[in-house]
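Peer 1: This is the structure I want to talk about, given as structure tokens.
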Amino acid sequence: MASPSRQRLPSSPLFSLVILPFLVFLLSFAGPASAAGSAVIGVDVGTEYLKAALVKPGIPLEIVLTKDSKRKESAAIAFKPTRDSSAPFPERFYGGNALALAARYPDDVYINLKSLLGIPFDDGNSDAVKAYWSRYPALKLESATNGRDSVAMRSNRLGEEEKKDAFLVEEILAMQLKQVKANADSLAGAGSNIRDVVITYPAFYTAEEKRSLALAAELAGLNIEALISDGLAVGMNYATSRKFPSVSNGEKPEFHVVFDMGAGSTTASVLRFQSRQVKDTGRFNKTVQEIHVLGAGWDKTLGGDALNDLIVKDMVAKLVEDKKLKDKVTPEQVKSHGKTMARLWKDAEKVRQVLSANSDTATSFEGLYDEELNFKYKVSRAEFEKMAAGHIARVGAPLEQALAAAGLKLDEIDSVILHGGAIRTPFVQKQLERVCGSSKKLRTNVNADEAAVFGAAFKGAALSPSFRVKDIRAHDSAIYPVSLKWTSDGKERNQKLFTSTSQVGPEKQVTVKNLEDFEFSFSQHVEQEEKRHPVLSVQTQNLTASVAKLKDTFGCSAANITTKFAIRLSPVDGLPEVTSGNVSCEVEAEKKGGVVDDVKGFFGLGSKKGEQQPLGEDGEPSESITLEPESESSTATSSTSESSAASSSTTKESTKATSKPKVEIIPISLKSTTLGTQAVSTSDLGRIRSRLAAFDASDRDRVLREEALNELESFIYRSRDLVDTEDFTKAIKADQLTTLQEKVTKASDWLSDDSDNAATPDFRSRLKELKSIVNPALKRMKETSTRPARVELLKETLKNAEAMKVLVEGQIKQDEEAYSSSLSSSSSTTTVEESETSSSTAVTETPSSDPLDDLDDDSYSTSTSASASASAKSKTKSAAPAKPTGPKYTLFNPTDLNALNQVYDASKPWLEKQLELQEKLTESDDPVLKVVEIDLRLRDFERVLNRMYERMAAATAKRNGGSNKGKKNQKNKAKQPEPEKSKNAEKEEQKEEDEKAQDDTRKDEL
């Protein structure tokens, strides 16, 4: 009978033919991505700093440290000229190392590039370009080539061929992102190649700026999983450790404002936090946390850099008033001096940070603008606040703008979450307190520097299938309205599709009346500018042919044909995209339902597609928009809708007609083209990638060259020290010592005089020459110092092995003697038992006097009686004592002794012979008796002897355990009278005592 816990699989034909193959098909798919390829990083691209956080199996959420073990990297890169003037690429420095070169090479240190992303150069007349150029006057800015009017930068430290094309801003930013990726790969472990990334961006970024940021990530070899606004990223980090009111239970959501004041700009984002019950797998529900961006406000030029600019201007004003420069130099001349401005900007940041905690501060410069000028600058917090009066008045504007966009009042806001480095400035928080009425709403409950990058990394983990995180559904908003432009009936038409608060992600079904191939486009409405910014153009490919097919094949009329497009704001970058399009019409079709459909209809289980609309998670049907022509068509449409509404009531009564309408749908092929700033051509993209790869290869070669140079230099110093060491001179022959001294001198002279243009192989070849002499001598010196101790250890091991041999031989001999004596006694016992057995057999064969013996046996009890007789025979056989098959060894057997003899016999004569040969050699000769060979012999002994020691320890532990148990039983039976001991029992006890004494003797010998 089968066990009840094991159930059989169903054997129905449906399971065998349908379900089982389907399960096998599912199991054939590969599992999720391995841990090595599942890592994702979040990157906060700031104006002043770059920060990154890594999420990887085994690394839940951790900041990516820089090469200097800092938690954030300065957004700067510098090109330093190499020693080789003909080198095609200069040396690159990142972060703080790049800033340290700003005063020496102001024309090749690129800082705060974020403010130039997606900005047109416009012959240098753009406000952003002017502001950047005034701060870094030594840099060479120009317009990008091939019709792309973005900002480019030219460096004169590249080779003739490489410097023909200027660097795009995105190309230089890609270098910094590559460095961030390299740091993340180092943290993730050897062999890691992280590609997936989520990057933050300011709320005011337009389509051009987002695409510029995406281009930089693409050039860096990163795959953007999503772009997330700074405010929403901070909100996600805020929500990871909190729960919010459930709107499913009728509770009111929470409203918070993330006020982010960084180095380049200030933004305010109004967020709605709530929880909701949604359907989970099966019949279960689950609670999810939701974050919605309701509105945003900003000031693009208010930040830490703007405050630093005030200090720099005050420094320049006081510098030109110095007695050595007064009436000789103008402020414009100082501002156009690259090295001077680089030094002033570097110290202005320090001065502002000191004033955040102190009432005044001072700094000094040596050789500023003039080599003989020593300039001292002092400023107090009161003076700084007076200079920043205009900036202080602008602090509250982004908050008010965000509340107006969200349609909320300040009283409805639960808190204002502060984020960003410049938020620590005292007068900024004071101004926010004035705007909010008090300090009660201001909160510093997130990390002001790292909340955004942690939120971005959490977003990446939520998007990755390799991680299971808290279910937080974040919904960004469009920020800028998006409109649709198309041509219908010969007229150009416009329709606003998305407002500034429209959610990113949900689709809108847009219906148009066009029945021929046409082109339509999307535009962003930037509120600060009057003109629209074209974003995307879409051209239909087969609309005309599809309409003709509907007319010819299905007999559709033009009035019944509908053209629809599914349009949304992309979840990746928030820009409009067309996900699909189709053309359709309703045709009459006969009902072809079978018996099953009739039964379903009788019980009310039929199709309900025409009776209800699918609900979204918010409980509302998906939005559908019909783009009608002008008023004439709208009037006709209204009348048509009224008639259709009237007829719908009558059609409901005739649902069981023999025919029902069927919708014929034909997909539309679409071709999308980005508008605005011209995209980088394929050839230019290949050229940029090739130059970046060559730059990386140049850096690797330079690192390898420096490592080879440093290794050679250190080995020369070490060789010089060894030559003066007595032990080393004993280990090397005289002629080799002379050769070494000559080569060391020659290599040192070459290193100081002729190695400037040497390549990596040159350093390695000279290092190899020195090592070929030094390393063998060092090896002999080590052998000489280590060999005596190892020899003594081997000799001691041989003595222990001899003692163990004697012990094992004695034990084996004793066990064999015991076996021979037991064998002789068992033979006599067997003779007696055989005679007893024969007599018992004779008794058994006598006839029984039982009168029932003549009856027939029950056929069903045959097996039982047979088994009983067999068991009786087996009991008779088992009663006889078994003959011993061989000696029973108490601890060791002959195999153990053979193993020990083999190692001992192979090692002792070898050691004696090698010692005799080694004594004939000097310390400068290569040794015959090597430490490695001695260690091999020691390991052989260790393997054999340890096995024996472990067996002896186990036997001792077992014997001690048995004696303790015997003592316990003896204590429990102390009050009971002891029976008289028989002579046999006394003999057994005496034998046990003798064996115990022998065991103790063996133990003492060990």
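Peer 1: Rounded to the nearest 0.05, what FRET efficiency do Asp696 and Glu366 give with R0 = 25 Å and r taken as the Cβ-Cβ distance? Could you check?
Peer 2: Step by step, r from the Cβ atoms, then E = 0.10.
Peer 1: In whole Å, what are the Cα extents of segment 694-741 along the three principal axes, biggest one first?
Peer 2: 50, 16, 13
Peer 1: Can you pick out the pairs among Lys181/Lys496; Lys350/Lys386; Lys72/Lys470; Lys51/Lys318 whose Cα atoms lie more than 29 Å from each other?
Peer 2: Violating the 29 Å Cα-Cα cut-off are Lys181/Lys496; Lys51/Lys318.
Peer 1: Something else now. With bins 5 Å wide starting at 0, give me the P(r) of segment 364-409 over every alpha carbon pair, in whole percents.
Peer 2: Percent of Cα pairs in each bin: 5, 16, 12, 9, 11, 12, 10, 7, 6, 5, 5, 2, 0.
Peer 1: State, to one decimal in nm, how far the label point of Glu796 lies from the label point of Glu726, with both points 7 Å from Cα in the Cβ direction.
Peer 2: The two pseudo-label positions are separated by 2.7 nm.
Peer 1: Work out the FRET efficiency for Ala803 and Glu919 from their Cβ-Cβ distance, taking R0 = 35 Å, and round it to the nearest 0.05.
Peer 2: It comes to 0.80.
Peer 1: For the residue pair Arg83 and Ser241, what label-to-label distance in nm results when each label sits 7 Å from Cα along the Cα-to-beta-carbon direction?
Peer 2: Here the modelled spin labels are 5.1 nm apart.
Peer 1: Compute the Kirkwood hydrodynamic radius of segment 700-776, taking the inverse of the mean of 1/r over all pairs of distinct Cα atoms, and give it in Å to one decimal.
Peer 2: About 12.9 Å for segment 700-776.
Peer 1: In addition: Cα-Cα over 20 Å: which of Lys70/Lys378; Lys323/Lys378; Lys210/Lys346; Lys549/Lys662?
Peer 2: Pairs exceeding the cut-off: Lys70/Lys378; Lys210/Lys346.
Peer 1: Let me ask another. Counting alpha carbon pairs within less than 8 Å and at least 6 residues apart, what relative contact order, in whole percent, applies to segment 42-194?
Peer 2: Reported as a whole number, the value is 21 percent.
Peer 1: Moving on to the next point. Quick one: Debye curve from the alpha-carbon atoms of segment 780-820 only, equal weights, vacuum; give me log10 I(q)/I(0) at q = 0.24 Å⁻¹ to two decimals.
Peer 2: Treating every Cα as an identical point scatterer, log10 I(q)/I(0) equals -0.77.
Peer 1: Carbon and sulfur atoms: what percent of the 1.4 Å accessible area of segment 758-818 do they account for?
Peer 2: 54 percent
Peer 1: Which whole-number value in Å² is the accessible area per residue of segment 136-218, probe 1.4 Å?
Peer 2: Here the per-residue accessible area is 33 Å².
Peer 1: Another question about this same structure. Is the C-alpha gyration tensor of segment 462-557 telling us rounded, prolate or oblate? Criteria: a/c under 1.5 is rounded; beyond that, a/b larger than b/c is prolate, otherwise oblate.
Peer 2: Verdict is oblate for segment 462-557.
Peer 1: If Lys and Arg each add +1 and Asp and Glu each add -1, what is the summed charge of the other residues whose beta carbon sits under 13 Å from the beta carbon of Glu385?
Peer 2: Residues near Glu385 contribute +1 overall.
Peer 1: Ignoring ligands, DNA and RNA, please state the percent of accessible area on segment 301-348 from carbon and sulfur, probe 1.4 Å.
Peer 2: 49 percent
Peer 1: Would you kindly state how much longer the chain becomes between Thr738 and Asp123 on full extension, computed as 0.36 nm times their sequence separation minus their alpha carbon distance, in nm to one decimal?
Peer 2: Residue separation times 0.36 nm, minus the Cα-Cα distance, leaves 214.4 nm.
Peer 1: Using the eigenvalues of the Cα gyration tensor, what equivalent ellipsoid semi-axes result for segment 444-490 when each is taken as the square root of five times the eigenvalue, whole Å, largest first?
Peer 2: 36, 18, 8
Peer 1: Count charges around Phe259 for me, please; just the other residues with Cβ under 14 Å from its Cβ, Lys/Arg as +1, Asp/Glu as -1.
Peer 2: Around Phe259, the charge tally is 0.
Peer 1: While we're here: Between Asp905 and Thr745, what is the FRET efficiency for a Förster distance of 45 Å, r being their Cβ-Cβ separation, to the nearest 0.05?
Peer 2: 0.25
Peer 1: Which value in nm describes the separation of the simple spin-label points at Glu162 and Ala789, placed 7 Å from the Cα toward the beta carbon?
Peer 2: Rounded to a tenth, the inter-label distance reads 5.2 nm.
Peer 1: So, one more: Quick one: of Lys813/Lys930; Lys799/Lys930; Lys114/Lys243; Lys746/Lys913; Lys252/Lys513, which pairs are farther than 32 Å apart, Cα to Cα?
Peer 2: The answer is Lys813/Lys930; Lys114/Lys243; Lys746/Lys913; Lys252/Lys513.
Peer 1: So, one more: Stretched out fully, how many nm does the piece from Ala953 to Lys328 gain, at 0.36 nm a residue minus the Cα gap?
Peer 2: Once the chain is fully extended between Ala953 and Lys328, it gains 215.4 nm.
Peer 1: Any idea what the relative contact order of segment 268-319 is, in percent, if you count C-alpha pairs under 8 Å spaced at least 6 apart?
Peer 2: Reported relative contact order: 34 percent.
Peer 1: Additional query: What chymotrypsin sites (Phe, Trp or Tyr not before Pro) in segment 88-197 are in a loop by DSSP, with at most 10 other Cβ atoms within 10 Å of the Cβ?
Peer 2: In loop regions of segment 88-197 (DSSP not H, G, I, E or B), there are no sparsely surrounded chymotrypsin sites (Phe, Trp or Tyr not before Pro).
Peer 1: Could you work out how much longer the chain between Phe518 and Ala558 gets when fully extended? Use 0.36 nm per residue separation minus the Cα distance between them, nm to one decimal.
Peer 2: My answer for the length gained is 12.8 nm.
Peer 1: In addition: Find the centroid of the Cα atoms in segment 359-405 and in segment 530-592, then give the distance between the two in whole Å.
Peer 2: Spelled out, the Cα-based centre of one part sits 57 Å from the other.
Peer 1: Which whole-number percent is the relative contact order of segment 409-568 (Cα, under 8 Å, 6+ apart)?
Peer 2: The normalised contact order for segment 409-568 reaches 17 percent.
The values are calculated or read from the model by the stated rules, or taken from the named source; none is laboratory data. Quick caveat, the model's predicted, so the values are computed rather than measured. Positions of Cβ are backbone-derived with ideal geometry, glycine not excepted, and every protein chain shown enters the neighbour counts. These area figures cover heavy atoms from the full protein model, side chains too; ligands, DNA and RNA do not enter into them. Shrake-Rupley method; radii C 1.70, N 1.55, O 1.52, S 1.80 Å.
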